[in-house]
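Chemist: Handing you this structure, nothing more for now.
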Amino acid sequence: MNLKEKKYLLLDLDGVCYGKHNNYSLEKVFGQVSLRMTKFISERLKIDTDAAKELQTNYFYKYNTSLNGLMIHHNIQPQEFLKYVHTIDLSFMREDTIMRGELEQLDMEKFIFTNGSAAHAENILTHLGIYDLFGRDKIFDIEDAGYLPKPEAKTFDLMVKKFGINPKETIYIEDIAKNLSIGHKRGCTTVWLINDEHFGKMDADKDFISHKIENLSLFLKEIRLLKSQ
């Protein structure tokens, strides 16, 4: 099945809905989140910031989210952690009218699939001017996943069940290449939004990636034009 016949669009949040393509580096948002993670870990575990940052990074690589490692090893309550780390300043972020236009015109059902919280997704999407195109019902967050992060198969399958979508009719876009592995296995057309982050480009050369793009809005336009033929 080619792109024009797909019915569902599945988007990661951080690094996909915003990024270089709309002039918001991941660092401007996730840099704030990361600093608050370090502070939370330092204060909660009573360790200095260097040790906290090392733990945060190690858990991220080993467990796909720092939170997952903190829950496993330190019995951290996820709601408290997520609320704290996602309390960030997005006043610099403006509405992306080009992306909104493409999403509105694209004849596909659209969903968000994130390892972050629903509140964080709402905050980001509201600042970008596109939250109303989704709403809570079309966001699958880390709480929906039982705090088991992507790319776990169980999490992907829970997402499919919640949204009622057929992976074989789905275009799935991620900035973290390895997260696409389960989508490919389930039959999605997988799309990697190219980035230079070390974690993001791990496994970017694997055959579970169907397409590589540099600009989300341009890719959405390409799909829309294919569908209009």
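Chemist: Are any of the residues in the range 80-102 under 30 Å from N166 (Cβ atoms), basic (K, R) and at pLDDT 95 or above?
Modeler: Scanning the range 80-102, I find at least one residue that is under 30 Å from N166 (Cβ atoms), basic (K, R) and at pLDDT 95 or above, so the answer is yes.
Chemist: Okay, moving on. Kindly indicate whether any position in the range 71-94 is within 27 Å of T190 (Cβ to Cβ), surrounded by fewer than 20 Cβ atoms within 10 Å (Cβ to Cβ), without any contact (Cβ under 8 Å) to a residue 24 or more places away in the chain and out of contact with any Cys (no Cβ under 6 Å at 6 or more places or on another chain).
Modeler: No; the residues of the range 71-94 include none that is within 27 Å of T190 (Cβ to Cβ), surrounded by fewer than 20 Cβ atoms within 10 Å (Cβ to Cβ), without any contact (Cβ under 8 Å) to a residue 24 or more places away in the chain and out of contact with any Cys (no Cβ under 6 Å at 6 or more places or on another chain).
Chemist: I'm told S34 meets every condition in (1) touching a residue at least 60 places away in the same chain (Cβ under 8 Å); (2) out of contact with any Gly (no Cβ under 6 Å at 6 or more places or on another chain); (3) not acidic (D, E) except one. Can you identify the failing condition by its number?
Modeler: For S34, the exception is condition (1).
Chemist: In the set L26, L55, L11, which member is closer than 30 Å to E109 by Cα and in contact with a Gly (Cβ under 9 Å, 6 or more places away or on another chain)?
Modeler: Matching residue, one of L26, L55, L11: L26.
Chemist: Also: Identify all residues within the range 50-87 that are assigned to a helix (DSSP H, G or I) and of a type in the set (V, I, T); write none if there are none.
Modeler: Answer for the range 50-87, where residues must be assigned to a helix (DSSP H, G or I) and of a type in the set (V, I, T): T57, I72, V85.
Chemist: Also: Output the residues belonging to the range 34-76 that are among the aliphatic types (A, V, I, L, M) and either farther than 20 Å from G200 by Cα or at pLDDT below 95 (or both).
Modeler: Let us first name the residues in the range 34-76 that are among the aliphatic types (A, V, I, L, M), namely 35, 37, 41, 45, 47, 51-52, 55, 67, 70-72, 76.
Selection gives I41, L45, I47, A51, A52, L70, M71, I72, I76.
Chemist: What about A121, is it at pLDDT 95 or above and surrounded by 19 or more Cβ atoms within 10 Å (Cβ to Cβ)? Step through it out loud before you land on a result.
Modeler: Working: at pLDDT 95 or above: yes; surrounded by 19 or more Cβ atoms within 10 Å (Cβ to Cβ): yes.
So A121 fits the description; yes.
Chemist: Are any of the residues in the range 52-63 more than 20 Å from the chain's Cα centre (by Cα) and farther than 24 Å from N179 by Cβ?
Modeler: yes
Chemist: Go through the range 105-196 and tell me which helices (runs of 4 or more DSSP H), entirely inside it, have 2 or more residues that are touching a Leu at 6+ places or on another chain (Cβ under 8 Å).
Modeler: 118-128, 153-163
Chemist: Have a look at K161, K150, K138 and point out the one that is farther than 19 Å from Y24 by Cβ and either at pLDDT below 95 or out of contact with any helix residue (DSSP H, G or I) (no Cβ under 8 Å at 6 or more places or on another chain) (or both).
Modeler: On the way: K150 fails: either at pLDDT below 95 or out of contact with any helix residue (DSSP H, G or I) (no Cβ under 8 Å at 6 or more places or on another chain) (or both); K138 fails: either at pLDDT below 95 or out of contact with any helix residue (DSSP H, G or I) (no Cβ under 8 Å at 6 or more places or on another chain) (or both).
Going through K161, K150, K138 in turn, the sole match is K161.
Chemist: If you don't mind, there's one more thing I want to ask. Condition test on D196, is it surrounded by fewer than 19 Cβ atoms within 10 Å (Cβ to Cβ) and either of a type in the set (D, E, K, R) or modelled with pLDDT under 95 (or both)?
Modeler: Answer is yes for this residue.
Chemist: Report whether or not T126 is surrounded by fewer than 21 Cβ atoms within 10 Å (Cβ to Cβ), hydroxyl-bearing (S, T, Y) and farther than 28 Å from F40 by Cα.
Modeler: Considered against the rule, which asks whether it is surrounded by fewer than 21 Cβ atoms within 10 Å (Cβ to Cβ), hydroxyl-bearing (S, T, Y) and farther than 28 Å from F40 by Cα, T126 comes out as no.
Chemist: Within the range 199-217, how many residues turn out to be in contact with a strand residue (DSSP E or B) (Cβ under 6 Å, 6 or more places away or on another chain) and crowded, with 19+ Cβ neighbours inside 10 Å?
Modeler: 1
Chemist: So, A204, is that one touching a helix residue (DSSP H, G or I) at 6+ places or on another chain (Cβ under 7 Å) and modelled with pLDDT under 95 or not?
Modeler: Judged against the criteria, A204 is a match.
Chemist: Restricting attention to the range 111-132, does a residue exist that is on the phi > 0 side of the Ramachandran plot and touching a Lys or Arg at 6+ places or on another chain (Cβ under 7 Å)?
Modeler: Yes, that holds for at least one residue.
Chemist: Could you list all residues from the range 218-229 that are crowded, with 17+ Cβ neighbours inside 10 Å and either over 21 Å from the mean Cα position of the chain (by Cα) or among the polar types (S, T, N, Q) (or both)?
Modeler: R224
The values are calculated or read from the model by the stated rules, or taken from the named source; none is laboratory data. Since we're looking at a predicted model, the values are computed, not measured. Neighbour counts run over all protein chains shown; Cβ positions are idealised from the backbone, glycine included.
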